[in-house]
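Trainee: Pasting in a structure now, in structure tokens, and then I'll have a few things to ask.
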Amino acid sequence: MTVAVSSHPQATLPVVRSLLAKASRDGKQKSGVLGIRARPTWSGPRDFGYADFKVRVLPCASALAVRDALRSREDGTWLVIITDRDESDLGVGITSHLYGGVLRNPDPWDAVRDQFGATRIDRRLVIDPRARDVAAGILAARGDAPWPPARAGFLTLDHVCAVVANRRLGFNDLTEIVAPEEVLAWTADSGRVVLLNELRDLAGEPLAETVVAWLAARCVKAAPLVAYLLNAGRVDDVVPLGLAGRAVLACQPGSEPWVLLRVQQLNLADVTVEQLLAFVAPAEEVTKALLARADDAATRQTGRILARADILLDELRAGSGVDTSDYLRSSLTSRLAALGEELRRAVARSSTKALAASTDDPLVESECLASVEAALSKVQEHALAHHRDEIRVERGIAGVRLVRWLATESSTISGFAPAMHRHRDLDAWVDRAYSDAWRGVDEESLSHGLRAVLEAVRLRRDRHDSEFAATLAVQTTGSLSLPEDILLIEDLLAHVVVPLAKEPRPVLLIVADGMSAAVATEIIDDVERRYDTWLECLPTGKARRSLVVSALPSLTQTSRCSLLSGMLASGQQDAERSGFASFMRAHGLTSVLFHKLRLDTSGAGFALSADVGTAVDDIAGTGVVACVLNTIDDALDRSDPGIDWTTDAVSHLRPLLERARRAGRTVVLTSDHGHVIERREGRMVSVGPASSNRSRPADGGPDPELGEVRVTGARVLMHDGDAVLAVDERLRYGPLKAGYHGGAAPAEVVVPLHVLTPGEPPTGWELATPQQPLWWHSSVLTESIERTEAPPLPEQPFPKTESLTLFDEVEQPAAQDLAAQVLESATFAEQRKRAPRLTLTNRQISSLLRHLMATPGNRIDQATAAIALDIPLVRLNGALPMAQRLLNVEQYPVLDRDPDGVTIVLDIDLLKEQFGLSG
């Protein structure tokens, strides 16, 4: 027996809902009967809600069944009758009850057309063999909210796919014009595969495949690759595989990585170079955008993508091409390994050179330094080089800084003041980089490179420490005078704090106990980086920071008491308080001193205690507020002091600076002594009674083999003015700690002094220029950048053209570099005439050009530019346009900023062309 199957279409819930919306005028009519001509079967819910009324659906195979359904209809509801009977079979008595008096055909495209307000439909939608299923899927995907209407009544494939993607796939305001980056950015968000599966379940496979094909087509040549991954449910692999594809591009076409990509990863008959390029580029752009964001969600996305990309790279066996990627983690690791090898090679012969000549001679050859700089450039070009979680790069940069220093010739000193200056200008920065590099990385090649550099640095630094201690011993006898920029610690209040406090702006004196000159550079850099309002000042006419010499031994009870008493003294906090109060009263100033206990009793929810905050705010009543911060000194006893010293790392420093800024106080940041770090390389020597781990009585005298020095005089406040101090950082007289002080190493004796202003500098002070050595930020290959004033412009810099013949020889400027040629050119003279009010001197322009010309790639950072122009960094943004006004002839970018906004670039070829130069 053959069962007849109705030729009518199947009614589905989306079609019913669509027809019901039209019949009820989008829910305004609360009851009625909707007749649908379709197979008398129903797989959806018998009863459901629509708008704010009830709906019942009844399939009816006969006119009698329809009549029974009408009789049983409840008031206030909509009844939907599905039947394959014609109106003639039902009769007028039944059809008169139906909406419109007729049965409605369940053509899903009619419903789609109605929902989009369209009169025409894109033929690409209806020619698909599964067009009805696609239409049913569109209706199912709609939900309760209306679809955006079709433009000009024409419903296009682009419009349908865009609105479905927005509503169901998590896109945000996707339009019909979509860039590949938008598609790949969508895949980068975890959970997209869930949305895609939900669309398949809700609207069916035909619509899902249509939308996927449309999204993939937005990637143009990469469409087959993206389509396969999306259809295979590998949404999360789209961007990672794109990143790994960069390494595949570096491999020979047809090689194993290409085969694995095509067969194992994509299951495609062929993948061309053009297709892969079109896939890789947007993947890298998406990753770049994620890296630029600082939110936690982007960080999680980036971490997942990069981890997966490296797994795929291994599966593709494309490691040989990894260095070509600027985004793969393994690429950065490879570049760091190369940097480590260059660091090791650069210092391979340092020990031999130091023994053969002197540790102050250049210990790294210029060719080796150039190779190190090239390797560092490759590292810094990587997108992850400046990521907040990437510490290996900073440790590598520390190694490069040390190699730059080793490549320079260290000046010979002849006295205590030059030794102090050398530590301030160079060795303190070396110590800072040394600490960063010593903390190391978990990357074997770079670790070996850093270790080799540190061993070479130690050769020179040990020599410098010995020279410093020898001059200290002479100076301590009191036989030598000191220059203006070197103060004894007992004179700091009288020479700095009191004059500042007598200005209209009061003073906050912060004594960071144990802060070395190296740590101070790190804290000041952090202050200036975080707070635009805090600017460092120097005495007018001075180019470098002032320095302070600790009392001896360089211990808290001697140096801090001397500092706060304004005279040589030894004692604890009671002596400091009484001495400080007496000194300030003697100078006619009101003051208050806070030690650790009162600073720490701030109470729950408060960064500063009430009395500290009140004192800082009381600018009319309290001329000098002094606070002693113990974080650094305490760290020597309890933890590893080799940490990143920032304003947050030093307890109370940040809220004190903020309170001082609001109150308008000048801040004097200083210390009582510095410290050396225990790096588990030292040795303990038993010497009997000792005043500290680094100081002892002079009984028996110093042992030069151990690295000791004897000091005598009035500034030696223990051991009856005669003591032996440790010089070698690896020597101690007591139990193992994280760090020590009390010795004669410059890291312990040299006390930093920084004056910070929240506005205009006080009277007698001016804004400081950058204080770091040239090699700290810059790849300038020489410290001997000339800064002499350029010669005056000649009236006729070049022979007159009318006096020349074809056979005349033009004499070129002899022994002149490009910078001199620029300033002596007629073009530069004309540029000067056009901008007579520019305040930059020829000397400053010449210095800037020389610094740029001395770097590989003719690129310098902002700090180096400020050093070259001899201006405070805060004024660079005003000075650089002046330099561009003089050098950018007819606005050609001879001098320009890099797209990163911070690097200054000189186009040498354009410079020669615009100024008519040779050489």
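The values are calculated or read from the model by the stated rules, or taken from the named source; none is laboratory data. Note that the structure is a prediction, hence the values are computed from the model and not measured. So basically every Cβ, Gly included, is an ideal-geometry build from the backbone, and we count neighbours across all protein chains shown.
Trainee: Which ranges mark the strands (runs of 3 or more DSSP E) fully within the stretch 604-708 that have 3 or more residues being modelled with pLDDT of 90 or more and within 27 Å of A470 (Cβ to Cβ)?
Mentor: Strands (runs of 3 or more DSSP E) meeting the threshold: 695-697.
Trainee: Looking at the stretch 107-133, which of the residues that are crowded, with 16+ Cβ neighbours inside 10 Å and under 16 Å from S24 (Cα atoms) is modelled with the highest pLDDT?
Mentor: Checked the stretch 107-133; the qualifying residue modelled with the highest pLDDT is Q115.
Trainee: Looking at (1) more than 18 Å from G478 (Cα to Cα); (2) outside any loop (DSSP other than H, G, I, E, B); (3) not assigned by TED's automatic domain parsing to the domain that holds Q557, which one does A723 not meet, given that it meets all the others?
Mentor: Tallying (1) more than 18 Å from G478 (Cα to Cα); (2) outside any loop (DSSP other than H, G, I, E, B); (3) not assigned by TED's automatic domain parsing to the domain that holds Q557, A723 fails exactly one: (1).
Trainee: Do we find that L555 is assigned by TED's automatic domain parsing to the domain that holds R654, touching a Leu at 6+ places or on another chain (Cβ under 9 Å), under 18 Å from S695 (Cβ atoms) and surrounded by 22 or more Cβ atoms within 10 Å (Cβ to Cβ) in this structure? Break it down stepwise before answering.
Mentor: Values: assigned by TED's automatic domain parsing to the domain that holds R654: yes; touching a Leu at 6+ places or on another chain (Cβ under 9 Å): yes; under 18 Å from S695 (Cβ atoms): yes; surrounded by 22 or more Cβ atoms within 10 Å (Cβ to Cβ): yes.
The answer is yes for L555.
Trainee: Next up: Considering only the stretch 95-105, I want to know if a residue exists there that is crowded, with 22+ Cβ neighbours inside 10 Å, of a type outside the set (S, T, Y), modelled with pLDDT of 90 or more and under 19 Å from A38 (Cα atoms).
Mentor: Checked the stretch 95-105: at least one residue is crowded, with 22+ Cβ neighbours inside 10 Å, of a type outside the set (S, T, Y), modelled with pLDDT of 90 or more and under 19 Å from A38 (Cα atoms).
Trainee: Turning to a different aspect of this structure: Could you check the stretch 394-434 and list, in sequence order, the residues that are among the small types (G, A, S), at pLDDT 95 or above and within 22 Å of R344 (Cβ to Cβ)?
Mentor: The answer is G396, A398, G399, A433.
Trainee: Any chance you could count how many residues in the stretch 258-286 are among the aliphatic types (A, V, I, L, M), under 26 Å from G191 (Cα atoms) and outside any helix (DSSP H, G or I)?
Mentor: Here the count works out to 2.
Trainee: Moving on. If P106 satisfies all but one of (1) assigned to a loop (DSSP other than H, G, I, E, B); (2) more than 48 Å from the chain's Cα centre (by Cα); (3) over 25 Å from R46 (Cβ atoms), what's the number of the condition it fails?
Mentor: (3)
Trainee: A further question follows. Within the stretch 661-714, restricting attention to residues that are among the basic types (K, R) and crowded, with 23+ Cβ neighbours inside 10 Å, which residue is nearest to the chain's Cα centre (by Cα)?
Mentor: Out of the qualifying residues, it is R665.
Trainee: Name the helices (runs of 4 or more DSSP H) wholly within the stretch 156-242 that hold at least 1 residues that are hydroxyl-bearing (S, T, Y) and in the same structural domain as L260 (by TED's automatic domain parsing)? Spell out the reasoning first.
Mentor: Numbers: elements: 157-168, 180-188, 192-203, 205-217, 223-231.
Hits in the stretch 156-242: 223-231.
Trainee: Picking from L852, L886, which residue would you name as being within 15 Å of D817 (Cα to Cα), free of Cβ contacts under 8 Å to residues at least 60 places away in the same chain and touching a helix residue (DSSP H, G or I) at 6+ places or on another chain (Cβ under 6 Å)?
Mentor: When all the criteria are applied, what remains is L852.
Trainee: Do you know which residues across the stretch 496-520 are buried (at least 24 other Cβ atoms within 10 Å of the Cβ) and more than 38 Å from the chain's Cα centre (by Cα)?
Mentor: Correct list: A501 only.
Trainee: Within the stretch 42-73, work out how many residues are farther than 14 Å from P14 by Cα, over 60 Å from the mean Cα position of the chain (by Cα) and not in a helix (DSSP H, G or I).
Mentor: Selection size over the stretch 42-73: 8.
Trainee: Let me confirm something: among L493, L482, L472, L459, which residue is more than 17 Å from A726 (Cβ to Cβ), touching a residue at least 24 places away in the same chain (Cβ under 8 Å), over 37 Å from the mean Cα position of the chain (by Cα) and crowded, with 17+ Cβ neighbours inside 10 Å?
Mentor: Matching residue, one of L493, L482, L472, L459: L493.
Trainee: Name the residues in the stretch 850-881 that are over 29 Å from A375 (Cα atoms) and of a type in the set (G, A, S), would you?
Mentor: The answer is G878, A879.
Trainee: Tell me, yes or no, whether the stretch 231-249 has at least one residue that is farther than 26 Å from L306 by Cα and either in contact with a Pro (Cβ under 6 Å, 6 or more places away or on another chain) or modelled with pLDDT of 95 or more (or both).
Mentor: Going residue by residue through the stretch 231-249, those that are farther than 26 Å from L306 by Cα are none.
No, the stretch 231-249 contains no residue that is farther than 26 Å from L306 by Cα and either in contact with a Pro (Cβ under 6 Å, 6 or more places away or on another chain) or modelled with pLDDT of 95 or more (or both).
Trainee: Looking at the stretch 341-349, can you tell me whether even one residue there is basic (K, R) and farther than 17 Å from S445 by Cβ?
Mentor: Yes, that holds for at least one residue.
Trainee: With the checklist (1) within 20 Å of Q10 (Cβ to Cβ); (2) in a helix (DSSP H, G or I); (3) not charged (D, E, K, R) in hand, flag the one item S88 doesn't pass.
Mentor: Condition not satisfied by S88: (1).
Yes/no per residue for (1) more than 24 Å from G143 (Cα to Cα); (2) among the aliphatic types (A, V, I, L, M); (3) touching a Phe, Trp or Tyr at 6+ places or on another chain (Cβ under 8 Å); (4) touching a residue at least 60 places away in the same chain (Cβ under 8 Å):
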| residue | (1), (2), (3), (4) |
| --- | --- |
| G191 | no, no, no, no |
| R200 | no, no, no, no |
| G254 | yes, no, no, no |
| L260 | yes, yes, no, no |
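Trainee: For the stretch 165-208, what are the residues that are of a type in the set (A, V, I, L, M, F, W, C) and surrounded by fewer than 15 Cβ atoms within 10 Å (Cβ to Cβ)?
Mentor: If the condition is that a residue be of a type in the set (A, V, I, L, M, F, W, C) and surrounded by fewer than 15 Cβ atoms within 10 Å (Cβ to Cβ), then I177, A179, V194 are the ones that fit.
Trainee: Restricting attention to the stretch 143-155, report how many residues are in a loop (DSSP other than H, G, I, E, B) and surrounded by 15 or more Cβ atoms within 10 Å (Cβ to Cβ).
Mentor: Summing the residues that are in a loop (DSSP other than H, G, I, E, B) and surrounded by 15 or more Cβ atoms within 10 Å (Cβ to Cβ) in the stretch 143-155 gives 2.
Trainee: Just checking, how many residues over the stretch 55-109 are of a type in the set (S, T, N, Q) and touching a residue at least 60 places away in the same chain (Cβ under 8 Å)?
Mentor: First, the residues of the stretch 55-109 that are of a type in the set (S, T, N, Q): 62, 72, 77, 83, 88, 95-96, 105.
Imposing the further condition that a residue be touching a residue at least 60 places away in the same chain (Cβ under 8 Å) reduces the set to 95, 105.
The total comes to 2.
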